[in-house]
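To keep things clear, I will list the structure first and then write my remarks on it.
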Amino acid sequence: MADAMASSPMASASWLADAIKSLRPLKGTKPRRQELEARLRETQENISDEMTAFSSGPIDLSDIAQGTIEVFEPMSLPTALGQLAVLSRPPAIDDRRTAALDSLKESPLASIFGITRMDRDGKTIAVVPGAELRGEPNEDWLLHNYAQSDALRRRIFIAGQFEPVRQHLAARFSFTDRHFASIVANSPFVPLGYESLFALGFARMMQGDQLSAAYLLLPQLENSIRELLSKAGNDPSIIQSDMRQEDRSLSSMLDNNRDQLEGIFGHDLTLELDLLFNSRLGPALRHDMAHGKVSTNDCRDTDVRYACWLIYRITCLPLLSQWSKIVEQIETAEF
């Protein structure tokens, strides 16, 4: 079948992957599997030529953008920085599930087919089984549905709200790291000694330097989550068989400390962090950043812009109840 579908690298690669999977349980097939794996990698190199971008057409967000700017226009900078952190919030899990089940009812036939996610190089990074026509859909199908909905939600938020507000504020104020100094100094999400990194990252974000903001802020997420777990009395490390201790990765913390993370962030935000930074059903930004796969163009992408704002939101959330004190410190900075 791979030979028959040679004109379609994507289809041919799928059949080759199936062949390799079928041979794995059989003894004496290693040479054949190695041959097929080499052929699979060669075929995957041509998949990008077959990929096509699909568009649902432009979405007019001008009314949303103008309405958001009008809300922020009379605000002082300290007040605006606080409101920027609550400009959006992750959907409630119950609402996510209801929307996913509604989509299943509306398009039952389209939902029964499995989905294969590939990276830009054509490598398979996730396989999602189709939903059953009867009974509850499987968890992976639900998570894939959530991730797809999030992608659209992030685009609307960044283009219709965050970016118009950022440009509006940047035209009024000359942002530097000192404007965020009191925020990062008081936030429990910012570990001791990392204040300057966060402050500079937020300044670059507001200046529109998304390349610098991404590489300053995204690598801080995992360590900050470990710090929060430690402060809550949960050891985010693992002891190996030879007694070496290693810090848990974000993926490991989401697997092994999920209850504690939900106690800190809540169910909704924990799921959003998983779908945005960790899960292969979403952009998996933590993995791509850690492995140097976030390019210059990627830094300007909606997902990365949203991730920087989300880190800002998480940094500010614990301070909102005492924002008046934070405001007093921000107002002493030179604007």
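The values are calculated or read from the model by the stated rules, or taken from the named source; none is laboratory data. This one's a predicted model, so the numbers in the text were calculated from it and none came from an experiment. In this analysis, Cβ positions are derived from the backbone assuming ideal geometry, glycine residues included, and neighbour counts consider all displayed protein chains.
The residues listed here are Gly208, Gly201; of these, the one that is on the phi > 0 side of the Ramachandran plot, touching a residue at least 24 places away in the same chain (Cβ under 8 Å) and in the same structural domain as Phe277 (by TED's automatic domain parsing) is Gly208. Quick check, is Asp255 closer than 22 Å to Ala92 by Cα, out of contact with any Cys (no Cβ under 9 Å at 6 or more places or on another chain) and not hydroxyl-bearing (Ser, Thr, Tyr)? Here the answer is yes, as Asp255 does meet what is asked. Residues in the stretch 291-304 that are hydrophobic (A, V, I, L, M, F, W, C) and either at pLDDT below 90 or outside any helix (DSSP H, G or I) (or both): 1 in all.
Return yes when Arg155 is touching a residue at least 24 places away in the same chain (Cβ under 8 Å) and under 29 Å from Ser252 (Cα atoms) and no when it is not.
Numbers: touching a residue at least 24 places away in the same chain (Cβ under 8 Å): yes; under 29 Å from Ser252 (Cα atoms): yes.
So Arg155 passes the test.
Which one of these is within 24 Å of the chain's Cα centre (by Cα), at pLDDT below 80, in the same structural domain as Lys325 (by TED's automatic domain parsing) and not β-branched (Val, Ile, Thr): Arg120, Arg96, Arg89, Arg154? I'd like the intermediate steps shown before the answer.
Working: Arg96 fails: at pLDDT below 80; Arg89 fails: at pLDDT below 80; Arg154 fails: at pLDDT below 80.
Matching residue, one of Arg120, Arg96, Arg89, Arg154: Arg120.
Taken over the stretch 76-94, residues that are in a helix (DSSP H, G or I), farther than 16 Å from Met206 by Cβ and not acidic (Asp, Glu) amount to 1. In the stretch 178-190, the condition of being over 23 Å from the mean Cα position of the chain (by Cα), charged (D, E, K, R) and part of a loop (DSSP other than H, G, I, E, B) is met by no residue.
Contact map, the stretch 166-185: first residue closer than 15 Å to Met205 by Cβ, second residue of a type in the set (Val, Ile, Thr), Cβ cut-off under 8 Å, separation 6 or more or different chains; pairs are His168/Ile69; His179/Ile330; Ile183/Thr315; Ile183/Ile326; Ile183/Ile330; Val184/Val190; Val184/Thr315.
If I ask for residues that are farther than 23 Å from His291 by Cα and in a helix (DSSP H, G or I), which ones from the stretch 250-269 would you list?
Of the stretch 250-269, the ones farther than 23 Å from His291 by Cα are 257-269.
Across the stretch 250-269, the qualifying residues are Arg258, Asp259, Gln260, Leu261, Glu262, Gly263, Ile264, Phe265, His267, Asp268, Leu269.
With respect to the conditions (1) modelled with pLDDT of 90 or more; (2) within 21 Å of the chain's Cα centre (by Cα), Leu320 lacks only one, and its number is (2). Sub-8 Å Cβ pairs linking a first residue in the stretch 211-224 that is farther than 17 Å from Gly193 by Cα to a second residue that is β-branched (Val, Ile, Thr) and outside any helix (DSSP H, G or I), at least 6 apart or interchain, are Ala214/Val294; Tyr215/Val294, ordered by first then second residue.
Given the options Glu262, Glu272, name the one that is modelled with pLDDT of 90 or more, acidic (Asp, Glu) and surrounded by 19 or more Cβ atoms within 10 Å (Cβ to Cβ). Steps first, answer last, please.
On the way: Glu262 fails: surrounded by 19 or more Cβ atoms within 10 Å (Cβ to Cβ).
Answer to the selection: Glu272.
Of the set (1) more than 19 Å from Leu273 (Cβ to Cβ); (2) assigned to a loop (DSSP other than H, G, I, E, B); (3) of a type in the set (A, V, I, L, M), all apply to Val165 but (2).
Report the residue count in the stretch 168-193 for those that are aromatic (Phe, Trp, Tyr) and closer than 25 Å to Leu275 by Cβ. Talk me through it step by step, then tell me what you get.
Let us first name the residues in the stretch 168-193 that are aromatic (Phe, Trp, Tyr), namely 173, 175, 180, 189.
The next check asks that each one be closer than 25 Å to Leu275 by Cβ; those that pass are 189.
Adding up the residues that qualify gives 1.
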